[in-house]
Amino acid sequence: MLRRAIAIPMGQTAAINTLIDLVPKRLPGLSGRIVIEAGAIGLEYIAISANMLQILRSIWSIAIVRIIYMCIGLTVASVPFTVGMEWLNAKEASVKKRTETQAENIELEVRLH
């Protein structure tokens, strides 16, 4: 749950920043805010030509690709931490097992004597 709570705003920020940055550069006179409010589905309503619609779709595609790259990067970055946590859990389990085995051995010795 925490992953989603963090990843969704990060993805949304990446998409918004991409739109705000690229729309005015590629389509002077059009605000990134207008494109954000229209959403990906509403691009046809704000595009005044087929070429403009194609550029808007291209910008949305770039935003989505950036989100995917961000997700891949976060996943790759989390692998060492996950492996480290598993290693710590395995180490704890090993110590616990050793302690239990020693306790069982002591019980057996007490029964035999």
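The values are calculated or read from the model by the stated rules, or taken from the named source; none is laboratory data. No experiment lies behind these values; they were computed from the predicted model shown. So basically every Cβ, Gly included, is an ideal-geometry build from the backbone, and we count neighbours across all protein chains shown.
Filtering the range 24-35 down to residues that are surrounded by fewer than 16 Cβ atoms within 10 Å (Cβ to Cβ) and touching a residue at least 12 places away in the same chain (Cβ under 8 Å), which residue is nearest to the chain's Cα centre (by Cα)? Break it down into steps so the answer makes sense when it comes.
Of all residues in the range 24-35, those surrounded by fewer than 16 Cβ atoms within 10 Å (Cβ to Cβ) come to 24-26, 28-29, 31, 33-34.
Narrowing further to those that are touching a residue at least 12 places away in the same chain (Cβ under 8 Å): 26, 33-34.
Working: R26: 28, R33: 24, I34: 26 Å.
This residue is R33.
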Discussion item. Given the condition assigned to a helix (DSSP H, G or I), modelled with pLDDT of 95 or more, closer than 23 Å to A5 by Cβ and not hydrophobic (A, V, I, L, M, F, W, C), answer yes or no: does some residue in the range 18-37 qualify?
Written reply: yes
Worksheet item: With respect to the numbered conditions (1) part of a helix (DSSP H, G or I); (2) farther than 22 Å from G73 by Cα, which one is the sole condition not fulfilled by R4?
Response: (2)
Worksheet entry | Filter result (part of a loop (DSSP other than H, G, I, E, B) and surrounded by 12 or more Cβ atoms within 10 Å (Cβ to Cβ)) within the range 38-64 | A40, G42, A47
